[in-house]
Amino acid sequence: MRTTVGIIGAGPAGLLLARLLHNAGIDSVVLESRDRAYVEQRQRAGILEQGTVDVLRAAGAGARMDREGLPHDGIELRFDRRRHRVDFPALTGGRAVMVYAQTEVCKDLIALQLKEGGPLLFEAEALAVEDAGTDSPRVRYRHEGRESVLECDYVVGCDGFWGVARKAVPEHLSRVFERTYPFGWLGVLADVPPSHDELVYARHDRGFALLSMRSPSVSRLYLQVPEGTDAADWGDEEIWDELERRFETGDDWRLERGPITQKSVTPMRSYVHEPMRHGRLFLAGDAAHIVPPTGAKGLNLAVGDVVTFARALVHLGETGSAERLDAYSETCLRRVWQAERFSYDMTTMLHRAPGATPFDDRIQLARLDRIATSRAAGTDLAEGYTGFPLD
């Protein structure tokens, strides 16, 4: 089989890239190692930046998002039993975010791809990217019990941290930057309406907590827990009690409880692989970079990567110039490092590290107080949260 762009991975990045290429008249093939049900059910991010929302709408994939998604104009910071709302539109010239789960984004894009786009092969395991440094890269894959080869002009690896795409970059050309945090997030889904109409980020002496949502009737909540925690060690009432402590305020706000339907622990790490391109192989999303979830950047960074690639390929077709393709890694990494910086700042400001001293506590509170009292500091947070430019 032959195509212009071979896409490894049918997460939101790979699926959106296929859609963008289809709309531009460029053929592609998407290879996904899992089955369709798994892709449409795996729980991941739920916050879409303004730029991501705009891209999905322009791609013709935003109709259900606009019907069912939850537009958010701000977040609430809680610290020292105080509450402070960060008003995004007022600080960014009208930008906001959308709460719409990654599972739903994938469902929408899969439906469009199967109806209008090129081949989307589920249970097609990519085994290796070959000849990435040449003009004729290939993806060797296994599908329906047989090994096959996908011949391409370009390969885009949207196959996550554990995928094969990044392994095709020669080790002597690779540079890795990473940081592992000594804590994780215990996340729960609960069948109870959210206790606040916007996300709440709470800094507490016992650790961080986040109140989020998946819909008007389903809450998504997180607790900072020690690295290596087993979710099964936490009982439901113990989780609610701890959330209540960390969200405490000086007014009459209260946390609503309900049945917990899912528990999991997410490790916290920062990771960047440079470069994001080798020959005609391009890395996108978690294949090239990971951010701690505090800044809600993972899915949105992946969108930025594939938008950059698609625009560069269209530019090549229209002008004959490969300048933008050649600049892919540099262009993406500028945005990646700003998102890494933002996520690091949010993480270190809100989480209490093991062995934290009273001085460390006061610095965190001073950083939060600065955001609450300075328009400039609030604007910096709002601009980072609603997203850095895709250009």
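The values are calculated or read from the model by the stated rules, or taken from the named source; none is laboratory data. Predicted, not measured: the structure shown is a model, and the values here were computed from it. Positions of Cβ are backbone-derived with ideal geometry, glycine not excepted, and every protein chain shown enters the neighbour counts.
Filtered by the rule that a residue be in a strand (DSSP E or B), basic (Lys, Arg) and surrounded by fewer than 19 Cβ atoms within 10 Å (Cβ to Cβ), the range 163-210 gives Arg175, Arg179. With respect to Asp345, is the statement that it is of a type in the set (Asp, Glu) and under 21 Å from Ile75 (Cα atoms) true? Yes; evaluated as a whole, the condition is true for this residue.
Where residues in the range 82-115 are part of a strand (DSSP E or B) and under 17 Å from the mean Cα position of the chain (by Cα), which of them is surrounded by the fewest Cβ atoms within 10 Å (Cβ to Cβ)? Show your work before the answer.
Start the filter on the range 82-115 by keeping residues that are part of a strand (DSSP E or B), which leaves 82-87, 97-99.
The next check asks that each one be under 17 Å from the mean Cα position of the chain (by Cα); those that pass are 97-99.
On the way: Val97: 27, Met98: 19, Val99: 21.
Of everything passing the filter in the range 82-115, Met98 is surrounded by the fewest Cβ atoms within 10 Å (Cβ to Cβ).
Yes or no: the range 352-363 includes at least one residue that is surrounded by 20 or more Cβ atoms within 10 Å (Cβ to Cβ) and in a helix (DSSP H, G or I).
Restricting attention to the range 352-363, the residues satisfying the condition of being surrounded by 20 or more Cβ atoms within 10 Å (Cβ to Cβ) are none.
No, that holds for no residue.
Of everything in the range 116-162 that's among the hydroxyl-bearing types (Ser, Thr, Tyr) and part of a strand (DSSP E or B), which residue is surrounded by the fewest Cβ atoms within 10 Å (Cβ to Cβ)?
Ser148
Where strands (runs of 3 or more DSSP E) fall entirely within the range 215-303, those with at least 1 residues that are in contact with a Pro (Cβ under 8 Å, 6 or more places away or on another chain) and polar (S, T, N, Q) are at 218-226, 260-274. Annotation note: of Glu125, Glu151, Glu130, the sole residue that is at pLDDT 95 or above and under 27 Å from Val291 (Cβ atoms) is Glu125.
In summary, helices (runs of 4 or more DSSP H) completely within the range 1-81 and bearing 3 or more residues that are crowded, with 21+ Cβ neighbours inside 10 Å and at pLDDT 95 or above occur at 12-23, 50-58.
Residues being in a helix (DSSP H, G or I) and either in contact with an Asp or Glu (Cβ under 6 Å, 6 or more places away or on another chain) or surrounded by 14 or more Cβ atoms within 10 Å (Cβ to Cβ) (or both): count how many of those fall in the range 371-391. Walk me through it before giving the result.
Restricting attention to the range 371-391, the residues satisfying the condition of being in a helix (DSSP H, G or I) are 371-373, 375-386.
Narrowing the set further to residues that are either in contact with an Asp or Glu (Cβ under 6 Å, 6 or more places away or on another chain) or surrounded by 14 or more Cβ atoms within 10 Å (Cβ to Cβ) (or both) leaves 371-372, 377-386.
Residues meeting the conditions: 12.
Of all residues in the range 349-362, those that are within 19 Å of Arg81 (Cα to Cα) and either modelled with pLDDT under 95 or touching a helix residue (DSSP H, G or I) at 6+ places or on another chain (Cβ under 9 Å) (or both) total 4.
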